[in-house]
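Engineer: I'd like to ask you about the structure that follows.
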Amino acid sequence: MLRKLLKQHTGPLTADLVLEPGHFGLGRVPKRLKPASTATAICGYCATGCQLKLHLDDDGRAINLSPQAGYPVNLGMACPKGWQALDPLDSPDRATTPLLRNEHGEMMPVGWAEAMDAFVSRFKNLQEKLGRESVAFLSTGQIPFEEMAFLGCLFKFGMGFIHGDANTRQCMATAVTAYKQAFGFDAPPYTYGDLEESDVIVLVGSNLCIAHPILWQRVMRNKRSPRIIVIDPRATETAQAATQHVRLKPKGDLALLYSLAHCIVRDGRTDAAWVERTEGFDEFAAFLHDYAPERVAEKTGLSVEEIESLARTVSEPGKRVSWWWTMGVNQSYEGVRAAQAMINLALITGNIGKPGTGANSITGQCNAMGSRLFSNTTSMVGGHDFSDAAHREKVAAGLGIPVENIPSDYSLAYDQILAAAEEGKIKGLWIVATNPFHSWIDSGRLAELREKLDFIVVQDMYHTTESARVADLVLPSAGWGEKDGCLINSERRIGTVKKVREAPGIALSDFRIFRLIAHAWGCGDLFARWTDPEAAFHFLRDLTKDRPCDITGVEGYEMIDRLGGIQWPYPATNPPSGNERRLFEDGKFFTSSGRAKLLFSPPAELPEAPDSAYPFTLLTGRGTSSQWHTQTRTGKSDILRKLYPQEAYVEIHPADAARLGLREHEMVTICSRRGEMRASIYIAPTVQPGQLFLPMHYPEVNRLTHPSYDPHSRQPNYKACAVAISKT
Ligand SMILES: Nc1nc2c(c(=O)[nH]1)N[C@H]1C(S)=C(S)[C@@H](COP(=O)(O)OP(=O)(O)OC[C@H]3O[C@@H](n4cnc5c(=O)[nH]c(N)nc54)[C@H](O)[C@@H]3O)O[C@H]1N2
Ligand SMILES: Nc1nc2c(c(=O)[nH]1)N[C@H]1C(S)=C(S)[C@@H](COP(=O)(O)OP(=O)(O)OC[C@H]3O[C@@H](n4cnc5c(=O)[nH]c(N)nc54)[C@H](O)[C@@H]3O)O[C@H]1N2
Ligand code: SF4
Ligand SMILES: [Mo]
């Protein structure tokens with residue numbers, strides 16, 4: 001049935017494309033343009049961190065690219081986005097000059113001097129009137145970490161504001177919090193080689209084939225005939241390619257994971273040596289008492305036998321089991337505990353610190369991991385804590401900044417910044433390399449909030465994004481390929497990006513924009529050492545000394561390229577050998593006791609369960625491997641545009657479609673308590689009855705989503721809200 005349906009409709013569910021050199025001739029260098037030389041850069045889309053080889057003309061300008069053959073991450077492969085990475089740079093809607101809104105409400109091109117005057121006078125005015133909490137920044141996981149660090153340090157230590165958060169809150173906050181609480185540091189333990197070394201690979205809420213296609217290729221290289229288990233309410237491309245699909249109810253994860261632990265503890269299948277390396281095992285075992293499979297069958301939608309058998313598979317003695325999760329877990333009102341439930345399972349079965357094991361969060365954006373260490377948002381730059389006086393002293397000394405400039409207060413989280421704006425406490429917003437008017441949960445609320453803000457600055461490559469269109473000032477930035485710096489991928493590997501194109505018009509790299517602002521604000525002296533990205537790399541590197549992310553042994557960009565990227569830690573004393581490393585091989589964690597913490601709490605109800613008025617649960621996520629988030633970049637490539645549906649579509653189960661009399665491709669309206677949108681019908685048993693799926697790439701989708709958050713991480717619950725569907 002499924003196959004038949006898939007055959008009829010090859011639109012959204014086309015098998016994922018992974019292109020190797022020569023494939024389809026895409027990206028081949030035409031003979032007459034034989035390039036003079038090459039450069040390398042890590043791809044600027046997803047956190048897999050593939051290395052691309054850029055083919056340059058005599059002027060050093062990239063004219064084409066191909067995936068880098070010897071790089072330890074992608075081994076000569078790239079997905080369509082990587083192959084077409086140069087396309088978005090040539091788009092006619094690039095922001096080429098600053099744009100300032102005039103008194104008639106029109107955006108007018110201005111020079112940098114006028115733009116800086118407006119920026120400084122408007123934000124200083126707010127600071128004088130309303131204090132250091134009156135302006136906030138919202139930034140990104142998609143620019144080099146030297147730039148992220150510059151923004152975070154400039155805004156907090158130079159300009160004197162407190163609140164700034166990154167779009168990684170939408171994405172990684174859950175994993176960050178789960179690791180910090182359990183391991184004592186935000187430390188994903190794995191290396192990609194573990195995908196090839198596992199006997200049992202459990203993917204929880206992770207659609208690898210679409211979202212991390214090259215990691216799926218790494219899974220396919222595993223020679224141990226692994227069992228691949230996908231835990232996801234949807235029959236995704238990955239679930240269909242796996243050995244087993246565990247089709248649980250949305251947000252049934254926590255109950256299921258506790259039930260697995262229940263069976264494992266009940267049957268004595270724990271690893272005593274690793275249990276010794278944890279704290280809280282007795283309390284955990286007592287807590288698990290209530291999670292017998294028959295007690296969670298209803299919540300998970302799974303049978304007792306399915307749960308029992310899964311528990312045996314993930315605790316098989318002598319087998320290497322690895323747990324991998326992405327947004328199906330992170331984007332939940334109880335994501336932190338669900339992530340920790342996997343960490344607990346890995347710990348008590350001894351599946352950590354060894355090849356082919358781990359409780360492994362796969363990150364999203366190319367530099368989500370750089371943001372986690374250097375953006376100065378939830379952690380202080382270099383893997384430090386704002387609340388720790390010794391850390392403040394160390395960072396101040398390392399940056400040559402008075403320690404009084406460093407706040408001990410933490411920033412408000414993203415949703416709290418927006419709430420403060422609604423209350424009129426925050427009046428200015430500076431949005432850098434993110435597009436929240438499309439991507440933030442319940443985005444209609446932002447449109448209302450726009451009226452309450454005095455001044456919005458958007459710093460972006462394009463002047464046409466949903467966020468740039470409502471800005472008062474647009475600062476035109478260079479994009480990937482037009483600047484230097486470092487990205488850190490999911491397995492903690494640092495790699496470099498290079499300038500191989502000139503930014504259009506008078507657009508500048510984000511780094512240079514921050515330099516201009518430092519100067520215009522009057523704190524240029526404090527940032528005199530931030531001359532260029534590599535200079536910043538050197539002192540940021542030195543700040544990591546003695547932290548778990550110590551990279552003091554990394555000489556500079558040339559060494560990173562020479563070694564095929566470098567995973568942290570890489571300390572100056574006893575730098576590790578080899579270029580594939582995992583953490584916790586010695587069984588020691590970063591907590592004060594050196595033991596990992598087992599953390600748990602009972603599952604909660606869905607914040608917005610379906611009811612008679614809104615009878616469907618809406619799932620959202622990635623649509624195809626050729627679409628990236630809000631489509632500001634992938635939407636500009638002629639080739640990528642041919643690889644995905646142009647119109648929004650909604651997946652519905654055949655039984656629901658028949659019951660409602662809905663036909664394939666018919667236009668429908670989907671509405672929630674917050675807003676509505678139109679989409680065309682796509683009938684497939686990929687979703688279960690009572691569920692709908694919408695790809696996040698269409699701007700209206702977040703008009704529907706429900707603003708609920710994980711209490712520990714404040715990550716939005718993007719993947720479950722109640723909606724209704726009707727013919728348009
Ligand atoms: N092509 C492409 N690749 C990308 C991106 C992109 O935009 N396009 N974005 C990048 C980024 S930033 C990120 S964060 C990653 C995201 O990568 P993924 O997290 O793999 O992608 P999503 O489709 O958002 O969500 C994964 C799955 O979660 C499932 N899910 C929903 N609710 C639940 C639940 O309650 N439990 C479980 N177990 N699963 C659930 C959904 O059905 C979906 O299949 O992708 C990265 N890669
Ligand atoms: N419903 C729903 N919503 C979601 C999700 C979901 O699964 N469901 N997923 C969430 C997740 S995981 C994520 S990560 C977010 C992504 O949400 P966003 O970060 O808002 O999405 P992007 O489209 O990647 O936006 C990046 C912006 O930066 C600009 N840009 C690119 N490079 C540069 C640069 O070098 N400098 C500057 N200044 N600008 C640049 C781009 O043009 C673009 O406007 O969406 C979230 N929203
Ligand atoms: S898998 Fe990710 S890093 Fe690799 S080419 Fe595709 S988008 Fe780029
Ligand atoms: Mo993300």
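Engineer: Once phi is turned into θ = phi - 60°, what whole-Hz ³J(HN,Hα) does the Karplus curve with 6.51, -1.76 and 1.60 give for every residue of the stretch 138-154, x standing for Gly and Pro?
Structural biologist: Karplus values, whole Hz, x for Gly and Pro: 10, 10, 8, x, 10, 10, x, 6, 4, 6, 4, 5, 4, 4, x, 6, 4.
Engineer: Which lysines have a Cα less than 18 Å from the Cα of Lys299, not counting those fewer than 8 places away in the same chain?
Structural biologist: Lys299 reaches Lys249, Lys251, Lys719.
Engineer: Can you give me the long-range amide H partners of Ile63? Hydrogens built in the peptide plane at 1.01 Å from N, cutoff under 5 Å, separation of 5 or more residues or another chain.
Structural biologist: His55, Leu56, Asp57
Engineer: Residue separation times 0.36 nm, minus the C-alpha to C-alpha distance between Ala396 and Asp282: what's the value? Spell out each step's value before the answer.
Structural biologist: Numbers: separation 114, 0.36 × 114 = 41.04 nm, distance 4.25 nm.
Between Ala396 and Asp282, full extension yields 36.8 nm more.
Engineer: Would you kindly derive the ³J(HN,Hα) couplings of the stretch 66-76 from the backbone phi angles with the Karplus curve 6.51 cos²θ - 1.76 cosθ + 1.60 (θ = phi - 60°), listing them in order in whole Hz, with x for Gly and Pro?
Structural biologist: Once θ is set to phi - 60°, the couplings for the stretch 66-76 become 8, x, 7, 5, x, 6, x, 7, 9, 6, x Hz.
Engineer: Follow-up question, since we're still on this one. Fully extended, how many nm does the chain gain between Glu585 and Val304 (0.36 nm per residue separation, minus their Cα-Cα distance)? Walk me through the numbers before you get to the answer.
Structural biologist: Values: separation 281, 0.36 × 281 = 101.16 nm, distance 3.48 nm.
Here the answer is 97.7 nm.
Engineer: Now for a different question. Just how far, in whole angstrom, is the stretch 98-148 from the stretch 463-491 if you go by their alpha carbon centroids?
Structural biologist: Distance between centres, Cα-based: 14 Å.
Engineer: Another one. Can you give me the C-alpha center-to-center distance between the stretch 605-662 and the stretch 570-596, rounded to a whole angstrom?
Structural biologist: For the stretch 605-662 versus the stretch 570-596, the Cα centre distance is 41 Å.
Engineer: Still on this model: Along the charge dipole of the chain, which of Asn367, Pro98, Trp628 sits closest to the positive end, that is, farthest toward it, with unit charges on the beta carbon of Lys, Arg, Asp and Glu (+1, +1, -1, -1)?
Structural biologist: It is Trp628.
Engineer: Give the peptides 586-594, 251-259 in descending order of average Cβ contacts within 10 Å, highest first.
Structural biologist: Values: 586-594: 14.6, 251-259: 27.2.
So the peptides 586-594, 251-259, ranked by packing, come out 251-259, 586-594.
Engineer: Return the subset of Lys498/Lys545; Lys425/Lys483; Lys223/Lys642; Lys319/Lys545 for which the Cα-Cα distance in this structure is over 30 Å, preserving the input order. Don't jump to the answer; show the numbers that get you there.
Structural biologist: Working: Lys498/Lys545 26 Å; Lys425/Lys483 36 Å; Lys223/Lys642 35 Å; Lys319/Lys545 37 Å.
Where the Cα-Cα span goes over 30 Å, the pairs concerned are Lys425/Lys483; Lys223/Lys642; Lys319/Lys545.
Engineer: Amide H neighbours of Ile352 under 5 Å, counting only residues 5+ apart in sequence or on other chains, H built in-plane at 1.01 Å?
Structural biologist: Gly358
Engineer: The stretch 515-561 to the stretch 380-458: how many Å between their Cα centroids?
Structural biologist: 21
Engineer: Under the rule of at least 5 residues apart or a separate chain, name every residue whose amide H is placed under 5 Å from the amide H of Phe137.
Structural biologist: Gly164, Asp165, Trp430
Engineer: Calculate one ³J(HN,Hα) per residue across the stretch 557-568 by plugging θ = phi - 60° into the Karplus curve 6.51 cos²θ - 1.76 cosθ + 1.60, and present them in order as whole Hz with x for glycine and proline.
Structural biologist: 4, 4, 5, 4, 5, 4, 8, x, x, 10, 7, 7
Engineer: Okay, moving on. Counting each DSSP H run of 4 or more residues in the chain as -39500 (n - 2.57), what helix-only mean residue ellipticity at 222 nm follows after dividing by all residues, to the nearest 500 deg cm²/dmol?
Structural biologist: Details: 26 runs with 212 residues, N = 728.
Helix contribution divided over all residues of the chain: -8000 deg cm²/dmol.
Rule-based calculations on the coordinates, nothing more; no lab input. Because the structure is predicted, anything quoted here is derived from the model rather than measured. Because the Cβ atoms are built from the backbone with ideal geometry, glycine has one as well, and the counts that use them run over all protein chains shown.
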